[in-house]
Structures are given as C-alpha cells and as structure tokens.
1. Return the equivalent ellipsoid semi-axes of the range 109-162 as a descending list in whole Å, where each equals the square root of 5 times an eigenvalue of the C-alpha gyration tensor.
2. Once you sort the root eigenvalues of the Cα gyration tensor of the range 11-50 as a ≥ b ≥ c, which label holds: rounded (a/c under 1.5), prolate (a/b larger than b/c) or oblate (the other case)?
3. Assigning unit charges at the beta carbon (Lys, Arg +1; Asp, Glu -1) and nothing else, what dipole magnitude in debye, to the nearest 20, does the chain show about its Cα centre?
4. Projected onto the charge dipole of the range 109-162 (+1 at Lys/Arg Cβ, -1 at Asp/Glu Cβ, origin at the Cα centre), which of Ser109, Leu122, Phe140 gives the Cα projection farthest towards the positive end?
5. Against the empirical 2.2 N^0.38 Å scaling, what ratio does the C-alpha Rg of the range 70-180 come to?
6. Kindly express, to the nearest 10 degrees and within the range 0 to 90, the angle between helix 245-259's C-alpha long axis and the longest C-alpha principal axis of the chain.
7. Pulled fully out, how much extra length does the chain show between Lys492 and Ser253, if you take 0.36 nm times their separation in residues and subtract their Cα-Cα distance?
8. Can you compute the helix-only [θ] at 222 nm over the chain? Use -39500 (n - 2.57) per DSSP H run of at least 4 residues, normalise by all residues, nearest 500 deg cm²/dmol.
Amino acid sequence: MKLGLDLEDKYYNSVKSMLKILTPQLDLYQLSKLSTAEVDLAITVDLDLSQGIKVQASLIGNSCYQKQITDQEILADIYDQQDFAKRVKHRIKLIIFRVLSDYFDYPLSPWGILIGVRPTKLGHYLLKRGFSYQEVEKKFKDIYGVAQEKSELLIQVIKTERNYLLSPQEVKKRVSIYLGIPFCPSRCNYCSFASYPIKEHKDCLSDFLAALNYELETIGQQIKDLGLIVDTIYIGGGTPTVLSADQLENLLSKLTEKFVTAKLRECTVEAGRVDTINLTKLKLLKEFATTRISINPQTMNQTTLDRIGRQHTVERVEEIFKLARQLGFDNINMDLIVGLPGEKISDLAGTLQQIKRLQPDNLTVHTMAIKRASQLNRDLEQSELPAKKEVEQMLALTKESAEQLGLKPYYMYRQKNTLANLENVGFAKEGKESIYNILMMEENQTTIGLGGGAVTKLVDPSDWSLQRLINPKSPYQYIGEVEKRTTKKMTKLTSLIR
Ligand code: SF4
C-alpha cells in the first residue's frame, strides 16, 4: 500500500524512520514528489507555531479524517529553542502515529513513537532536567504516545537503575571488562551473535586463546598503570564454557591475575548452553571470582529446543541448575525467548511453570527477533511464528511469572525486528541485579571489550560522548589483528583518562 506524506524534508525523514519500523507494509512517498491520486492513502500536516505548537493531520483515503494536537506546555521557561524544535518533530510523529493507529484500528506500537534501543535513557535525561517521576511518566504517554503499562515499566526500571548509576567522577575511575569467546557447541537457528561452532573451528582455538591472552596481559597492565578500578567483568560470547576445563582454568587465572581486586563488584559468566557445562567447570567458576552465572534454556519445551538447534535436553537444564545451587551459586540468571517458532502460550506457560520450580535469581526475557544473518530468517516461510496479539500476551505472562518469583524489572532494551516491536526485560531479586547490564545499557561506564566480537565503549563523562571500537567477530581475523587493535585501544583509553 502506498502512503503519501505532505511533509518537509526535515520532518519527513524522521517520520519515515519511525514508519519503516512500525508499518513495514506501507511504501512511503513524499507528496511533493507524487500526487495524492498516485497513492492509496495520504496524510497532510498543517503546522501553526504562533502560540505554542498546533498540529493538524488529515488523512485522505476512502474517506477524510482529521486529528489535532495542541501543545502550550512547551512555552514554559524551562524549555529553550532546541527543545521547541525537537517537540515540533515529536508532535508531528505522534499525530501521524495516532492517525495511522486509528486507520488500522490498533495502536501501531505500545512504545508509541519511541523506536530506539534504550528508551530508559530518555527518562534519565528528563529526571536530570528536574522533572519528577510522575511528570516523566506523563511525558512518556502525552508526548511520545507510550502505553500506560510500558510507561510504568520504564519508571520501575529507571528507579532501580538509579541505585547503580555512577557519577562523572566515578566514571573517570572505574571500568568494566567484557570478554568475548566466539565459539558455541552448535549454532542456534535464531542466532546472529559472534558464534562459531567449535568442532568446525578447532584449528584456530589455541591461536585465539593466545591472542586473547596477549590482550588480557597488555590491557591489564595498562589499567594498572592508569590506576583504574575494574568494577565488573562479563564473560560472554558465544558460550565461554565451550572451552575445556584446562583452557577455562588458564583463562580465569589470567583474568584474575590482571583484573580481579577486592574492589570488583561483579563477575558474570555466560554458562548459557548446558551441553557445555559439567561439575568440573562449575567448580572452576566458583573457585575463581564468579558471582553470577547465566544458565539459559530459552524454553523448557523439548520439541522447541530441538527445532531451534540447541542440542540439549530440558532435564540437563534442571540438572545443571540444581548442581550450580548445590555448589553455592546464589545469583543465577536464566534467559528465555518469547515467540520462538512453533510455540503457543501453553508452551510458554509450561516453561514458566518449570522455571518457577527452579527459582532463579534473575530472569531475562527476550522477545523473538528475526536477525538478518540467522538461519531462522532464511527459513522464515516455513517457520510458524506467533501472531502479534499472542506475543503480547506471552510477554505479559512472563511479567506475571517474574512477579510471582519475587523478581522486578531492572533493565530493559529494544532491538530491531522483534515480534510485535516488543522489548527485552531483565528481572531480578532485589540486590541481585546485574550491575554490568545496567551500566552497559545506560552507557554510564567505559567498557573494555576483549576477545572475538567484543565491543569497547569509551565513555567521556564530561559530555557523556561515546567512542566505539569493535574487535572482529571472526576468530581468524581477530588473531591476525590483535596487536594493531590492542595498540589503538590503549591509545584511546589513555587519552580518555589522562
Ligand atoms: S548459544 Fe547463544 S551465542 Fe551460541 S549459537 Fe546459541 S544463541 Fe548464538
């Protein structure tokens, strides 16, 4: 269906970015380039900025329909010219969002006009501008069109995050470390992460570990020289526990030698695939500084596990979880995916029943995202994905179960191409929130990424600007470029700190 928009370039482009995500079924055209007779549907926008903002949109299709928004709040002293210009853009986006929601007879998204990865950042920004929680929640709804339940979720998450966010002075002194091990036992069919099946890439493993060792040595020394405190460590990938017990022990020894001090607040290890874990490896993780592990079933439905290529059983998940508890792990996360191919609400309800029996301390719920590079995307036509309404109900069910487990939402983000444009939420028991997840999501701390596909984010607290350096995903390329890239990382880190 062709939709024509009568908007100037500066507004058209931002409306287009929003509609590309919310209404991919519409082909968009600027009415200056095409006449109304050539499109199926047209929206014209009239703007009056003489007393605040008055915006009126008319939809011309089978019949004509109009909507209007007026905004005089923007005339308050607290706002400047820049705020005014931004608000005009938001008002235009919102009116088009509302007109199209009415036309299709359903809200295009419960997130309103917010399409970014980190909607919580907007809340933190508004709080810094002096608005109260109540006012921020109202702005989410009135200005951005966010549904009540999502506004409440944002406020809940923001409140918890604020217990952990660092001041600019602390950001100068503390860093987090991310370690990427880009190997897995097999590739799950929805995956687009840095993940290479270990059996097929065994030949490069020892060179990869040697390159990683070089990065750990070099960056470890630099952190010491710069007097930085390592605040949190996150070992992810891939699946780090795919390494043999000996390889894991060497890696953890080096990591401990270089980065672990009494000031370390958290060390998470993704022990995601239970087909890579055993008693020896769990004992090793416990012996070193691990404070939190992730045991990720994604679903407790065996048929789905087989369908998505995870090559382990539900029983193994339970067995490993119980073993980890017996060994004294008191902060265990479990990842779930809502909307896996072929799953119905009843499947998810069954998964949640089993999860409840295990009582994890964290539950991270992802909405199924169709990643371009995934096998699932290639097999999309044969995959039975749940409908929008059903995915919404599924996500609501996970929230209910998390509450019954005494877990509260503490961090959240959105991804591209998720079913029904929904979010990913981390739930945790009070005091068991992952500090790394919060600081990384709010870009409130420098994270130094080591290993395959690891992203370094250098945060300058003077203006909260960000520089990114990305290690190659491919272990072969990583091995070849490690020295050059480590030198670059060190130069950038030194100039940020000094
Ligand atoms: S375990 Fe995780 S990283 Fe590995 S293939 Fe599956 S989804 Fe990707």
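Quick note: the coordinates plus some simple rules give every number you see, no bench work behind them. This is a predicted model, so every value here is computed, not measured. Cβ coordinates were reconstructed from backbone atoms using ideal geometry, including for glycine residues, and neighbour counts include every protein chain displayed.
1. 16, 12, 10
2. oblate
3. Using only the charged Cβ atoms, the result is roughly 800 debye.
4. Positive-end residue among those listed: Leu122.
5. Normalised by 2.2 N^0.38 Å, the Cα Rg of the range 70-180 equals 1.25.
6. The two axes meet at around 70 degrees.
7. Full extension of this stretch gives 83.4 nm more.
8. -13000 deg cm²/dmol
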